[in-house]
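What follows is a short report on a single structure.
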Amino acid sequence: MIYFPITPRLQRLYATKNVADQMRWHVEKPRVSGSLAHPSDGEAWKHLDEVDSEFATEPRNIRLGLCTDVFSPFGQFGQTYSCWPVILTPYNLPPWLCMKKPYMFLSLLIPGPKAPKGNFDIYMQPLIEELKQLWTTGVQTYDISKKQNFVMKATILWTISDFLAYGMLFGWMTAGR
């Protein structure tokens, strides 16, 4: 397994002037009421704001999407080798930047001849520990656009995966018995 810590990359978003400005887009840019143009218009985002108002009061706190799926680097699915990347995406950015390559952070790469199956949670442990720290205590971060330090927190807002990956992430049976 290869693990790439997410915290320094999230802090770097606030160390770049034009990106730091964009990280508050979801709060500062007016949008048409009743339309769904950005994840912040959705029910999951609004529910988090209601449930944890302390997290919501700091617009620089980061809401992440987690995505994983299998791919075979050496050909078709019938091959004997597969990889499971785990990618985190910050959804604070405007819609035209959310899904761009520079903001899709590879966090884990689980290589192997077979799928990790029941061990996926073991591979996820370093990421889970880092995300727990980002959720509970946060990390001191410098926002260059505001020229001030703040305690940056982050949370996983949702996951994106197919049923096989869904079963792996949550330890559920999605096929067979």
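The values are calculated or read from the model by the stated rules, or taken from the named source; none is laboratory data. In this text, all values refer to a predicted model and were calculated from it rather than measured experimentally. In this analysis, Cβ positions are derived from the backbone assuming ideal geometry, glycine residues included, and neighbour counts consider all displayed protein chains. Just so you know, the surface numbers come from the protein's heavy atoms only, side chains and all, with ligands and any DNA or RNA stripped out. Shrake-Rupley method; radii C 1.70, N 1.55, O 1.52, S 1.80 Å.
Consider region 76-91 and keep the residues that are touching a Pro at 6+ places or on another chain (Cβ under 9 Å) and of a type outside the set (G, A, S). The one that is modelled with the lowest pLDDT is Q79.
What pairs can you find where one residue is in region 138-154 and free of Cβ contacts under 8 Å to residues at least 60 places away in the same chain, the other is of a type in the set (V, I, T) and open to solvent by less than 60 Å² (accessible area, probe 1.4 Å), and their Cβ atoms are less than 8 Å apart, with a gap of 6+ or different chains? Taking only residues 6 or more apart or on different chains, the pairs are N149/T141. Looking at T16, T68 in this structure, which one is polar (S, T, N, Q) and open to solvent by 50 Å² or more (accessible area, probe 1.4 Å)? Going through T16, T68 in turn, just one is polar (S, T, N, Q) and open to solvent by 50 Å² or more (accessible area, probe 1.4 Å): T16. Checking the stated criteria, P5 turns out to be loosely packed, with under 13 Cβ neighbours inside 10 Å and under 17 Å from the mean Cα position of the chain (by Cα).
A quick yes/no check of all residues on (1) polar (S, T, N, Q); (2) buried (at least 17 other Cβ atoms within 10 Å of the Cβ):
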site	(1), (2)
V51	no, no
I62	no, yes
S82	yes, yes
L93	no, yes
M99	no, no
P116	no, yes
D121	no, no
L134	no, yes
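The set of residues in region 106-159 being of a type in the set (A, V, I, L, M) and within 15 Å of the chain's Cα centre (by Cα) consists of L106, L108, L109, M124, L127, I128, L131, L134, M152, A154, I156, L157.
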